[in-house]
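Presented below is the structure to which this report refers.
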Amino acid sequence: MKKIKMLGLTCAGVLLLSSTAMAGNIPEFDAVGDDSINYFAVGNPVQYGQVINNNIGPLGPLELFSDFTEEYFSNTAGMLFPDPCFPGYTSALIDVWNEAVYEWNIVLQMKPESDINLNIYDCVLKHNEFNVWGGAEQTGRYRAPWGQLFFTPSANPTVTVMASPGPNATPGFVNPFYLDARTLPGLFTVAMVDTPYTSKALWEEGIVMVLPETGLVNAMGQSVYNLKQGDQIKCTITVPGNNTADIRYGQDNVILKYIGIVGTWWYAFDSTIADSGFDEMVAADAI
């Protein structure tokens, strides 16, 4: 009898833990490639580690199954080399008075319930400097020979963000559309189309993107639709020719953060998942 009672308590405890982990809506982040080893996620274990460990899903931590074939990072700046701002990381440099395009394509692993934060980690240095502790700079900023500081808005990078339909897309969502952003402060809506932003040193920049709603239109007049797991977000950063700083970006420099709806997990369908018996688990869960 005692064994039965203890077994009952154990099962109740497991159910309680499961309901706690599986209920409600939870923080989620997505990036290019394997999210669980993203350089900036690994470097922030308190923030990202809790997200990884608590988003368990039917296969365990969602971020372990996030290396989608649709995801990529590309750039026209050059090859990847050790980054002077972030030890052990590699990035591509575009230097002063040169232009380049960087692009990240990221798959959403959950259906968002909130606005989506676009977080950009930058390495911005003065020309031919290789130590952020002495050579830090701001995009669009320069100092004249007589010492005066100037800020030129047109010399800053611009960012464009576009949503594309995935395999679970909302009906009618067949063509890509641009996302809007909310200004901080003020919360005014602006189109995320060649929109300038400024960044400095090694600090993280944050842009809050409006969660699209089916039936509405964006600031560009395009019809928008609810985003779902499997949809893709493409972020393009363009550095203009009159750039005033040495700027570096790599694969992990862009991360999407939002609140995801529990039960809407989306896994990368690769050999790892095939070997783990994913089909059998889904079939059993559906019974």
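The values are calculated or read from the model by the stated rules, or taken from the named source; none is laboratory data. All of these numbers come straight from a predicted model, not from anything done at the bench. Glycine also receives a Cβ, built like all others from the backbone with ideal geometry; neighbour counts cover every protein chain displayed. What goes into the accessible areas is simple: the full protein's heavy atoms, side chains included, and nothing from ligands, DNA or RNA. Shrake-Rupley method; radii C 1.70, N 1.55, O 1.52, S 1.80 Å.
Can you give the angle from 0 to 90° between the axis of helix 2-22 and the longest principal axis of the chain, with both taken from C-alpha atoms, to the nearest 10?
Once rounded, one gets 30 degrees.
Which GluC sites (Glu not before Pro) does the stretch 51-81 hold that lie in a coil by DSSP with at most 16 other beta carbons within 10 Å? Could the numbers behind the result be given before it?
Details: sites: Glu63, Glu70, Glu71; in loops: Glu70, Glu71.
Within the stretch 51-81, the qualifying GluC sites (Glu not before Pro) (loop, at most 16 other Cβ atoms within 10 Å) are Glu70.
What is the distance in Å between the Cα centroid of the stretch 178-235 and that of the stretch 62-131?
The stretch 178-235 and the stretch 62-131 have Cα centres spaced 18 Å from each other.
Please report how many Lys pairs in the chain have alpha carbons closer than 26 angstrom, counting only residues at least 8 apart along the chain or sitting on separate chains.
Lysine pairs, 8 or more places apart or on different chains, close enough: 8.
How big is the stretch 144-282 along each principal axis, measuring the range of its Cα positions in Å and listing the largest first?
Answer, in whole Å and largest first: 71, 37, 25 Å.
At 1.4 Å probe size, with the rest of the protein present, what percent of the exposed accessible area of the chain is carbon and sulfur atoms? Present the calculation step by step, with values, prior to reporting the outcome.
Working: 8900 of 14470 Å².
That fraction is 62 percent.
Excluding ligands, DNA and RNA, what is the solvent-accessible area per residue of the chain at a probe of 1.4 Å, expressed in Å²?
With all protein chains present, the chain gives 50 Å² per residue.
Cβ under 11 Å from Gly250's Cβ, Gly250 left aside: what net charge do those residues give with Lys, Arg +1 and Asp, Glu -1?
Summing Lys and Arg as +1 and Asp and Glu as -1 gives -2.
From zero outward in steps of 10 Å, how is the percent of C-alpha pairs of the chain spread across the bins?
That works out to 6, 25, 30, 21, 10, 4, 2, 0, 0, in percent per bin.
Order of 50-59, 254-263 by packing, highest average Cβ count within 10 Å first?
Descending packing order for the listed peptides: 254-263, 50-59.
When the helices in the chain are scored as -39500 (n - 2.57) per DSSP H run of 4 or longer and the sum is shared across all residues, what 222 nm value do you end up with, to the nearest 500 deg cm²/dmol?
-5000 deg cm²/dmol
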